[in-house]
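Below is one structure; the comments refer to it alone.
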Amino acid sequence: MTGAAFGLAALAFAAAGFGQHSVLLIGLAAVLLDMAVQTSLILGQHTVYQLDPLARARLNSAFIAIFFIGGALGSQLGSIAYRSGGWSAVSLLGAALPVLGLLYWLTELRSGARRSA
């Protein structure tokens with residue numbers, strides 16, 4: 001599901017890039033992006049809750065704080081991208097970041113498979 005969330009986020013930004021003059025495509029992109037972010041959030045919290053039952057509140061607080069910091073940094077990068085290259089640059093950046101996340105996740109998935117074998 002994590003890989004699907006990353007892929008969906010990249011797809012959402014691609015739709016936003018192609019549909020910069022279409023309210024329908026921008027709306028679709030917003031819904032897809034929201035689905036991807038919410039899926040990622042739920043999966044992350046599920047993982048955090050499995051770590052240490054006695055530290056769930058602290059771990060979840062740290063997770064949510066980092067999640068929001070990531071969102072703020074992404075917003076700042078999006079602002080810089082818009083200023084330097086317009087909507088196309090924002091769409092490319094928005095699609096590139098989840099693709100990078102997906103690539104990293106795939107390396108973690110492979111290393112986990114090697115450790116368990």
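The values are calculated or read from the model by the stated rules, or taken from the named source; none is laboratory data. Keep in mind it's a predicted model, so treat the numbers as computed, not measured. Neighbour counts are summed over all protein chains in view; Cβ atoms, including those assigned to glycine, are modelled from backbone coordinates with ideal geometry.
Can you say whether V31 is exposed (fewer than 13 other Cβ atoms within 10 Å of the Cβ) and either at pLDDT 95 or above or under 27 Å from A15 (Cβ atoms) (or both), as far as the supplied structure shows?
yes
Can we say A14 is surrounded by 16 or more Cβ atoms within 10 Å (Cβ to Cβ), of a type outside the set (V, I, T), more than 17 Å from L93 (Cβ to Cβ) and in contact with a Ser or Thr (Cβ under 8 Å, 6 or more places away or on another chain)?
It is false that A14 is surrounded by 16 or more Cβ atoms within 10 Å (Cβ to Cβ), of a type outside the set (V, I, T), more than 17 Å from L93 (Cβ to Cβ) and in contact with a Ser or Thr (Cβ under 8 Å, 6 or more places away or on another chain).
Quick one: would you say F68 is surrounded by 13 or more Cβ atoms within 10 Å (Cβ to Cβ) and of a type in the set (F, W, Y)?
Judged against the criteria, F68 is not a match.
Output the qualifying pairs, or none if there are none: Cβ atoms under 7 angstrom, residues six or more apart or on different chains, first residue in the stretch 43-63 and surrounded by 12 or more Cβ atoms within 10 Å (Cβ to Cβ) and modelled with pLDDT of 90 or more, second residue of a type in the set (A, V, I, L, M) and not in a helix (DSSP H, G or I).
Short answer, once both residue conditions are applied: L43/M1.
Which of (1) surrounded by fewer than 16 Cβ atoms within 10 Å (Cβ to Cβ); (2) free of Cβ contacts under 8 Å to residues at least 12 places away in the same chain is the odd one out, the single condition G19 does not satisfy?
Tallying (1) surrounded by fewer than 16 Cβ atoms within 10 Å (Cβ to Cβ); (2) free of Cβ contacts under 8 Å to residues at least 12 places away in the same chain, G19 fails exactly one: (1).
Looking at A12, A16 in this structure, which one is part of a helix (DSSP H, G or I), at pLDDT 95 or above and among the small types (G, A, S)?
Matching residue, one of A12, A16: A12.
Residue-wise test of (1) more than 22 Å from M1 (Cα to Cα); (2) of a type in the set (A, V, I, L, M).
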position	(1), (2)
A30	no, yes
D34	no, no
S40	no, no
L77	yes, yes
S84	yes, no
A96	no, yes
